[in-house]
Structure formats: structure tokens, C-alpha cells
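K.L.:
This is the structure I have questions about; it appears just below.
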Amino acid sequence: MTALDRFDELVSNYLDEALDVEGMGELNTLLATRPDYAARFVRLSRIHGGLRELSGTGAVAERPPLGALVWIVSAIVLLGTALAIAWLLSR
């Protein structure tokens, strides 16, 4: 299993509310250290939410919104990008 496959598995379990504490810690570490994974998490979360809405199962109302987590992940990605740009400009 590749690292990306493992990340996708963690995200899938998170979105299905089946992620254990150990998996949550692993996911949080990856989100904090890999801006590309954080961006992928945002995309996958939006796709998942859109599919739930389209399915009309009502699951959207039963679960707290991912909005806050999406904003945090987006902020991490933006911060990493800003730091990379600042580093490149300082060279």
C-alpha cells in the first residue's frame, strides 16, 4: 500500500465516521505536515459532502458540518504556501 493509498483510506474512514483514535492521530499528522495531502483532504471532503447531499439520505443533517475542519486544513495549506514563497524570495 502506498502512502497515498493509506492517506485515502484514513480519509475514507474519517468521512464514514469509522476512524479510531490512532487513525485520527495519523491523519492529523499527515494533514499538518503534507500540504498536498491537506489539499486532497479538502477536495475529498467536498466531494463526499456533495454526494451525500445528492443522495438525499438526510445524513447531512445528522452529522456536524466539516466546515471548521476544512477551514483549518485550508489555512494550513495557505500557510505552507506562504512560507515556501517567503523562503524562495529570501534566497
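K.L.:
Taking the chain as a Gaussian network, Cα atoms linked when under 10 Å apart, which of 19, 51, 31 shows the biggest mean-square fluctuation?
P.N.:
Its mean-square fluctuation being the largest, the pick is 51.
K.L.:
Sticking with this structure for a sec: Quick one: helix 21-33 against the long Cα principal axis of the chain, what's the angle to the nearest 10°, folded into 0 to 90?
P.N.:
Between the helix axis and the principal axis of the chain, the angle is about 40 degrees.
K.L.:
For the chain, calculate the relative contact order in percent as a whole number, restricting contacts to Cα pairs under 8 Å that are 6 or more residues apart.
P.N.:
Once divided by the residue count of the chain, the mean separation gives 27 percent.
K.L.:
On a 0 to 90 degree scale, rounded to 10, what angle separates helix 35-55 from the longest Cα axis of the chain?
P.N.:
Result, in degrees: 20.
K.L.:
Full extension from residue 18 to residue 82: what is 0.36 nm times the residue separation minus their Cα-Cα distance, to one decimal in nm?
P.N.:
Answer, rounded to one decimal: 19.7 nm.
K.L.:
How far apart, in nanometres, would the label points at residue 75 and residue 32 be if each is projected 7 angstrom from Cα along the Cα-to-Cβ direction?
P.N.:
It works out to 1.4 nm between the two label points.
K.L.:
Here's a follow-up. Return P(r) of the chain (all Cα-Cα pairs; 5 Å bins starting at 0; whole %; ordered from short to long distances).
P.N.:
The percentages, shortest bin first, are 3, 13, 21, 23, 17, 12, 7, 3, 2, 1, 0.
K.L.:
Can you tell me the dipole magnitude for the chain around its Cα centre, using point charges on the Cβ only (Lys, Arg +1; Asp, Glu -1), in Debye to the nearest 20?
P.N.:
520
K.L.:
If I stretch the segment between residue 44 and residue 6 completely, what's the gain in nm (0.36 nm per residue apart, minus their alpha carbon distance), one decimal?
P.N.:
That pair, residue 44 and residue 6, stretches by 12.3 nm at full extension.
K.L.:
Here's a follow-up. Kindly express, to the nearest 10 degrees and within the range 0 to 90, the angle between helix 67-90's C-alpha long axis and the longest C-alpha principal axis of the chain.
P.N.:
Relative to the chain, helix 67-90 is tipped by roughly 10 degrees.
Here, each number is a calculation from the coordinates, and none is a lab measurement. Everything numeric in this text was worked out from a predicted model, so none of it was measured. Virtual Cβ from ideal backbone geometry, glycine too; neighbours counted across all protein chains shown.
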